[in-house]
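Visitor: Can you read through this structure? Questions will come right after.
The values are calculated or read from the model by the stated rules, or taken from the named source; none is laboratory data. Only a predicted model underlies this, so the values are computations on that prediction, with no experimental measurement involved. All Cβ positions, glycine included, derive from the backbone under ideal geometry; neighbour counts span all protein chains shown. Side chains included, ligands, DNA and RNA excluded: accessible areas come from the protein's heavy atoms. Shrake-Rupley method; radii C 1.70, N 1.55, O 1.52, S 1.80 Å.
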Amino acid sequence: MATSLLLSLRDIKLTHGGRPLLDGVEIAVSEGETIALVGRNGSGKSTFLKIAAGLLEPDAGERVVTLGKSVRYLPQEPDLSGHATVLDYVLGGLGPTDDEYRPRRLLQALGFQGHEDPGPLSGGERRRAALARVLAPSPDVLLLDEPTNHLDLPAIEWLEEELRATGSALVLVSHDRRLLTNMSTATVWLDRGITRRLTRGFGDFEPWRDEILEQEEVARHKLDRKIVAEEDWVRYGVSGRRKRNQKRLRDLGSLRQTRRDTERTLGAVRFTVADEATSVSKLVIEAKNLSKSWGEQVIVQDVSLRLVHGARLGIIGPNGSGKTTILNLLTGRLKPDAGYVKIGTNLQVVTLDQARASLDPKATLQETLTGGRGDTVQVAGESKHVYTYMREFLFKPEQARTPVGVLSGGERGRLMLAQALAQPSNLLVLDEPTNDLDLETLDLLQEMLGDYPGTVLLVSHDRDFLDRTVTSVLAYEGDAKWLEYAGGYSDMVAQRGRGVTRKLQAAAVQATKAAREAPPPPVPKPAKRKLTFSQQHALKTLPQRMTDLQATIAKTRKRLDDETLFQRDPSAFEKSAIALANAQAELAAAEEEWLTLEMLREEIEGG
């Protein structure tokens, strides 16, 4: 069935800084579509979205919005000035016929009460408020520029569900591969000032893009034209990097399988890799029964794990759950209230902070990489010319004298990576390294981590990046509890039956209660519903079922804690491990079912 066209841009041209940024680009958005708009940092994606939103006038071209259809735009840096509260800001985006109670529900789900003063809000909080403002009216077309920036994993997964539920057509600019893959039905590639359209989602984009680039390269050789520009190396290097990264993904899968096969004690890592650093002890970090509180707030409770040389640990959880505290405890920068951390000998730690605070804005790119000394960089004992090293991180030689302060967010991220990886280290601590990085730079970072011979601690909200880089994840379970899972983010979801969503589920319950307390809108009251007999029975019996499962899990864990069990009876050990996994899966399903039914019961009784 044909769908109607909502928004179209035709032959859009725009010159920026004396060079053509957009040179005849086009896009057409129809009902029910979700379009992934992709391209390198600096290719003009945000500018294109502003033109699509009607906020920027192009030099030439045509913008057409179907009569009566609404278009809303989420900028990367929203402006909340002129509004007394966050709720006032969100309500200001409503039309006369929009639901005035929807903004309150959205703000509750995004962690706001509504009365907050917009002035002191952080960048991440401003973006969450802006998300509520653009989602509240349910427009016909939503243009979203990096909607997941500064969002934690629960918020990202909540946003996915919210976008699926909306009837709006979507145009997404995002570095979050998982979001683009899960949501998109078509892909528009903005490259060198023009657009190409793929009538399939982002999951099929990269092979399609590589095929186009390889065809162009062959055509260039046939015409005997040399590829001399640095940006061409970046562009045509994409295909080779992706093929190398595919091999690394297969190698990572083998490492994860090795870890599962050699795991002996629940909650402790028994992952074995070849020890490539003779000067470093095989044991890197051993934590036993760690607990930490800030005042009356317990952040970490009874956490134990063991990391050996070469392990890659991802740390995931909602904002405010204590991920940075975990990092500081594991690296010895923070003392626990209880338990202990044993750190291996001869560790050289390099940390990449998410704020990029260690960069001097007045220093040039070359001075930052060389420490202001000469024109060479020492990398893994090898001397490289600074221009060669810059090129590996997608910088052009002419940028060597560029002050750090004028670099974009993505360029500063790449510079921090280059600076960190140039320092001698065997433990790399990365706190949100993927912020502001485009997809090609994420490929580069994945490649760099694949080559890194030491141990990695990684805090990230990027689900796809976690799947591509880590061998295990330490996940927040609620109530200051943390649990380690073998594999990446998807492996964790498969084992526990859900993502990191508990906080948002609780927020949804609060939002439901707040909505009940608010005056009802002037619409006919629906007929009162009732729980079915089977639902009532489940509500009564599930608590006991969960208690029984928790007892079974505790009993099985105690059996597995016997270090001699595996040597005495491998078959019994395997059966117990399988029984534990099954009981944990059953408990997760029971908790999810009980929570759903309890929310339904409260909704009906509050009817």
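Visitor: Using modelled backbone amide H atoms (1.01 Å from N, in-plane), which distant-in-sequence or interchain residues come within less than 5 Å of residue 311's amide H?
Guide: So residue 311 has HN proximity to 456.
Visitor: Compute, for residue 389, the solvent-accessible surface of its heavy atoms (probe 1.4 Å) with the complete set of protein chains present, and express it in square angstrom to the nearest 10.
Guide: Taking all protein chains as shown, residue 389 has close to 10 Å².
Visitor: Once the piece of chain linking residue 401 and residue 4 is laid out straight, how much longer is it, given 0.36 nm per residue of separation minus the C-alpha distance between them?
Guide: My answer for the length gained is 137.8 nm.
Visitor: Got a number for the accessible area of residue 594? Probe 1.4 Å, square angstrom, nearest 10.
Guide: Estimated to the nearest 10 Å², residue 594 gives 80 Å².
Visitor: Which of the peptides 132-139, 160-167, 171-178 is most tightly packed, and how do the rest follow, going by the mean number of other Cβ atoms within 10 Å of each residue?
Guide: Ranking the peptides 132-139, 160-167, 171-178 by packing returns 171-178, 132-139, 160-167.
Visitor: While we're here: If you take the beta carbon distance between residue 164 and residue 601 as r and set R0 to 22 Å, what does 1/(1 + (r/R0)^6) give as a FRET efficiency, to the nearest 0.05?
Guide: 0.30
Visitor: Now for a separate question. Within the range 151-187, list the residues whose amide N lies under 16 Å from a label point set 7 Å along Cα→Cβ of residue 319.
Guide: From the range 151-187, the list is 151-160.
Visitor: Search the structure for amide H atoms under 5 Å from the amide H of residue 116, placed 1.01 Å from N in the peptide plane, and list their residues when 5 or more places away or on another chain.
Guide: 86, 87
Visitor: Hey, which of these cross-link pairs are over 23 Å Cα-Cα: 335/558; 288/323; 13/50? Walk me through the numbers on the way to the answer.
Guide: Working: 335/558 29 Å; 288/323 17 Å; 13/50 13 Å.
From the list (335/558; 288/323; 13/50), the Cα-Cα distance tops 23 Å for 335/558.
Visitor: Quick one: which residues, 5+ away or cross-chain, put their amide H under 5 Å from the amide H of residue 430? H built at 1.01 Å from N.
Guide: Counting only residues 5 or more places away or on other chains, the set is 352, 457, 458, 459.
Visitor: What's the FRET efficiency of residue 547 with residue 69 using the Cβ-Cβ distance as r and R₀ = 35 Å, to the nearest 0.05?
Guide: 0.05
Visitor: Then there is this: Can you work out the PRE-style zone for residue 293? Point 7 Å along Cα to Cβ, and I want the residues of the range 306-338 with backbone N under 14 Å.
Guide: Inside the label zone: 337-338.
Visitor: Shifting gears a bit: For the range 173-184, in order, what is each residue's ³J(HN,Hα) by Karplus, 6.51 cos²θ - 1.76 cosθ + 1.60 with θ = phi - 60°, in whole Hz (x at glycine and Pro)?
Guide: With the stated coefficients, the range 173-184 comes to 10, 7, 8, 7, 4, 5, 4, 5, 5, 6, 9, 7 Hz.
Visitor: List, in order, the whole-Hz ³J(HN,Hα) value for each residue of the range 329-335 obtained from phi through the Karplus relation with A = 6.51, B = -1.76, C = 1.60 and θ = phi - 60°; use x for Gly and Pro.
Guide: Going residue by residue, I get 5, 5, 9, x, 7, 9, 8 Hz, with x marking Gly and Pro.
Visitor: On full extension of the chain, what length is gained from residue 302 through residue 84, given 0.36 nm per residue of separation minus the C-alpha to C-alpha distance? Working shown, then result.
Guide: Details: separation 218, 0.36 × 218 = 78.48 nm, distance 4.32 nm.
Computed gain between residue 302 and residue 84 is 74.2 nm.
Visitor: What distance in nm separates the simple spin-label points at residue 94 and residue 214, each placed 7 Å from Cα in the Cβ direction?
Guide: 5.4 nm
Visitor: Through the Karplus equation 6.51 cos²θ - 1.76 cosθ + 1.60, θ set to phi - 60°, convert the phi angles of the range 205-218 into ³J(HN,Hα) values in whole Hz; use x for Gly and Pro.
Guide: 5, 5, x, 5, 4, 4, 5, 5, 5, 5, 5, 5, 5, 4
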